[in-house]
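The structure appears right after this line, and notes come after that.
The values are calculated or read from the model by the stated rules, or taken from the named source; none is laboratory data. In this text the structure is predicted, and so the values were computed from the model without any measurement. Quick reminder, even Gly has a Cβ in these numbers, built from the backbone with ideal geometry, and neighbours come from all protein chains shown. Remember, those area values only see protein heavy atoms, side chains included, never the ligands or the DNA or RNA. Shrake-Rupley method; radii C 1.70, N 1.55, O 1.52, S 1.80 Å.
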Amino acid sequence: EHSARVPLLVHCPQRFNPRRVSQAVSLVDLLPTLVDLASDEKEFIYPTPIDGRTIVPHLYGQEGHDEVIGEYFAEGTDTPVFMIRRGNQKAIFSQSDDLKLFDLKYDPLEKDNLALKDAFSEQATGLRSEILNQYDIDGLTDKVLESQRRRAFLKNVMRQQGVAWDHDPVSQAKNSYVRNSMPIYELEKRARFPSV
C-alpha cells in the first residue's frame, strides 16, 4: 500500500484551481496527461497503444478514473504478483497465494480478506479471471527466470575476469568539455573547430 499511495502534485495556478483529489491514478497516466496539456486537450492519435489515461479531468475537478494496476515480478516473490485498485477496493493476486480482496476504507491495514467471504465470491472470481485473461503468467515467469539466469551468468563471468559492472569511459570526461571555469586561453583553444 505504501508504494500505491505516493502523492502526486500538479502545480499550474494559471490553469487549475488548487484541490485535493482522492482518486488513485498511476505514473503511466502522466504521458497521456502531458500530451493532453500540450495539445490543448485535442484528440491525439498515438502511433502505438499506450497504457494510462489522462488525469486532466481530475485537475479541473471533474469526474475521473479511480483505478491503478500494479505488477511486481522482482525480489521476494516466486511468481508475478498483480494488484488492481478500484475505488476503495484492492485486489492482490499471485498464483502461489490466490486472490486477496480488501476494502481499504474499512480495512486500511488489509487484515480482512473479502475474497474468502461468500458475499464477495462472484466479485473475487471476476477479478481473478480478469487478471488471468490479461496476463500470460507462465510466460512472464519464464521471462523473469531467464533474465535472472542470464544476469547470474554474466555476474559470474565478470567476477572471474575481474570486470566491474560500472561504466568506465576511456577518456577523462572532465577534459572533454568546454567549461566556463577554464582559463580564457584554454577555453578559446578548445572552442575552436577544428581544434588547434
message = One residue is enough: does the stretch 55-69 have a residue meeting the conditions in contact with a Ser or Thr (Cβ under 7 Å, 6 or more places away or on another chain) and over 19 Å from residue 131 (Cβ atoms)?
response = yes
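Considering only the stretch 1-15, state which residues are of a type in the set (A, V, I, L, M) and surrounded by 10 or more Cβ atoms within 10 Å (Cβ to Cβ).
4, 8, 10
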message = Considering only the stretch 49-67, I want to know if a residue exists there that is open to solvent by less than 50 Å² (accessible area, probe 1.4 Å) and without any contact (Cβ under 8 Å) to a residue 24 or more places away in the chain.
response = yes
query = Identify, please: which residue in the stretch 16-42 is over 24 Å from the mean Cα position of the chain (by Cα) and without any contact (Cβ under 8 Å) to a residue 40 or more places away in the chain and is, among those, least open to solvent (accessible area, probe 1.4 Å)?
reply = 40
